[in-house]
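Just so it is clear, none of the values below were taken in a lab; they were calculated from the coordinates. What you see is a predicted model, and the numbers here were worked out from it, not measured in a lab. As a convention, Cβ positions derive from the backbone with ideal geometry for all residues, glycine included, and neighbour counts pool all protein chains shown.
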Amino acid sequence: MVVGLRQFTQRTGDGAGEPILDTENGEELIRVQPSVSIVVGTRAPESPGTLYITSKQVVWLSDVDRAKGYVVDFLSLSLHAVSRDPEAYPSPCIYTQIETEDDDEDVDEGSDNESVEALDLSKVTEMRLVPSDASQLDNLFEIFCECAELNPEPIEEEGHNWVFSADQLENEGTGEDPGWHFFQDPTNPIGHSNGDNDLANNVLRLQINDQRFEDAEEMEQENESDHQ
């Protein structure tokens, strides 16, 4: 599920504080970069804050307002790059593109004179991170790459293939297919898979019946040809 950019206010500690991480699910803090401005969409940059890069997400927290912060999961970042082209943006920065639920629609990310609070963050498709020390850009980019590799796109697992070929049945017990386990049973020559005897039995009987129907159709066609 794409969640995009969102508000983040979960802090701990005194002063500006630090983000509260989901350590129970393995989230780790990878890098802390102070004095970083954030640019949301086409809006004006925020006052410098602190950038926290974790193993799962990118968090930016304002240094002057504990109620202001942003977060985006690495799974929602479709692109990240170093931008040094003044025609693209006046200051060197990390440029990111964010996947949203409205990627296929025209999204108006607002003008600079609108308040950030009025902006629907779920529709923001671009974010820039502008460190005051531009020499840190390459290092930050490498960390982005490493963390992105830790968060690959989820792949839907295909269901079990419950259809067994004749070769699979003949080779049962040979170890050629470690995903399935067969056994010989004089009272049940069909076999089983992962302990589900009934399902495997029913599927294989259907296969046998299908083959019988095909044989019957072939015989009928041959008889019709002989009569013509």
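With each label point set 7 Å from Cα along the Cα-Cβ vector, what nm distance links E142 and S47? It is 3.4 nm.
Taking only the alpha carbons of region 1-89, we obtain Rg and Dmax values of 13.5, 43 Å in that order. In terms of the Cα gyration tensor, with a ≥ b ≥ c the square roots of its eigenvalues, is region 1-49 rounded because a/c is under 1.5, prolate because a/b exceeds b/c, or oblate? Judged from the Cα gyration tensor, region 1-49 comes out oblate (a/c at least 1.5, b/c at or above a/b). Charged neighbours of S35, selected by a Cβ distance under 11 Å, balance to -2 (K, R count +1; D, E count -1).
Inter-label distance, L150 to E24: 2.0 nm, where each label sits 7 Å from its Cα along the C-beta direction. Placing pseudo-labels 7 Å out from each Cα toward the beta carbon at A16 and V32 gives an inter-label distance of 1.0 nm.
Computed about its Cα centre, the charge dipole of region 1-58 is approximately 280 debye, with only Lys, Arg, Asp and Glu carrying charge at their Cβ.
In the neighborhood of S47, defined by Cβ-to-Cβ distances under 12 Å, what is the net charge if each Lys or Arg adds +1 and each Asp or Glu adds -1?
Once positives and negatives cancel, what remains is -2.
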